[in-house]
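Only one structure is covered here, and it is reproduced in the block below.
The values are calculated or read from the model by the stated rules, or taken from the named source; none is laboratory data. Since the structure is predicted, the reported quantities are computational estimates derived from the model, not experimental observations. Please note: Cβ atoms are built from the backbone with ideal geometry, for glycine as well, and neighbour counts cover all protein chains shown.
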Amino acid sequence: MNDLSNSVIFPLGERNESNYFTGKVWVKRLTPVESSCSISNVTFEPGCRNNWHIHKGDQILLVTGGRGYYQEQGKKTRELNSGDVVRISPGVKHWHGASADSWFVHISITLNPGPTEWLEPVTDQEYSNLN
């Protein structure tokens, strides 16, 4: 299992206790909540992923550590590694998270964020078909 303890750029942040994640995730907000550009450092434990969801504004993910996945509804899953960048258009249903054997860290940048529309979880069966 990959250990990111020597490659952390931003602080781990607070553990997110919401029901919108399968597994443990930590979030460190890097901009104020009321900002028109939301920037956060997000750290997923191995196997952790968020539910399918939709953002009202553009989102960019800058992968800074580990290995993970990104998938838009109806499209093939994309493996993500350090240095990868993902641009997500407003209104696109998607999910992202760590691989089963690696931590995964990304900077999330959301322009004109608005509320996230959280949807159904990525099932264990859907997730296990990725590995």
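Here are the numbers for this structure:
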| item | result |
| --- | --- |
| Given (1) at pLDDT below 95; (2) under 14 Å from G66 (Cβ atoms), index of the condition S36 fails | (2) |
| Residue within segment 39-50 that is out of contact with any Leu (no Cβ under 6 Å at 6 or more places or on another chain), among the aliphatic types (A, V, I, L, M), at pLDDT 95 or above and over 23 Å from S128 (Cβ atoms) present | no |
| Candidate set from segment 41-77 (those that are part of a strand (DSSP E or B) and of a type in the set (S, T, Y)); member that is surrounded by the most Cβ atoms within 10 Å (Cβ to Cβ) | T43 |
| Among (1) over 11 Å from the mean Cα position of the chain (by Cα); (2) under 24 Å from P11 (Cα atoms) - the single one E79 does not satisfy | (2) |
| Matching residues in segment 26-40 - criterion: being part of a strand (DSSP E or B), over 20 Å from S89 (Cα atoms) and either among the basic types (K, R) or touching a residue at least 40 places away in the same chain (Cβ under 8 Å) (or both) | K28, R29 |
| Extreme residue, farthest from T116 (Cα to Cα), among residues of segment 16-30 that are among the polar types (S, T, N, Q) and surrounded by 14 or more Cβ atoms within 10 Å (Cβ to Cβ) | T22 |
| Residue within segment 120-131 that is in a strand (DSSP E or B) and touching a Ser or Thr at 6+ places or on another chain (Cβ under 9 Å) present | no |
| Residues of segment 84-131 that turn out to be free of Cβ contacts under 8 Å to residues at least 40 places away in the same chain, among the charged types (D, E, K, R) and under 12 Å from G68 (Cα atoms), as a count | 1 |
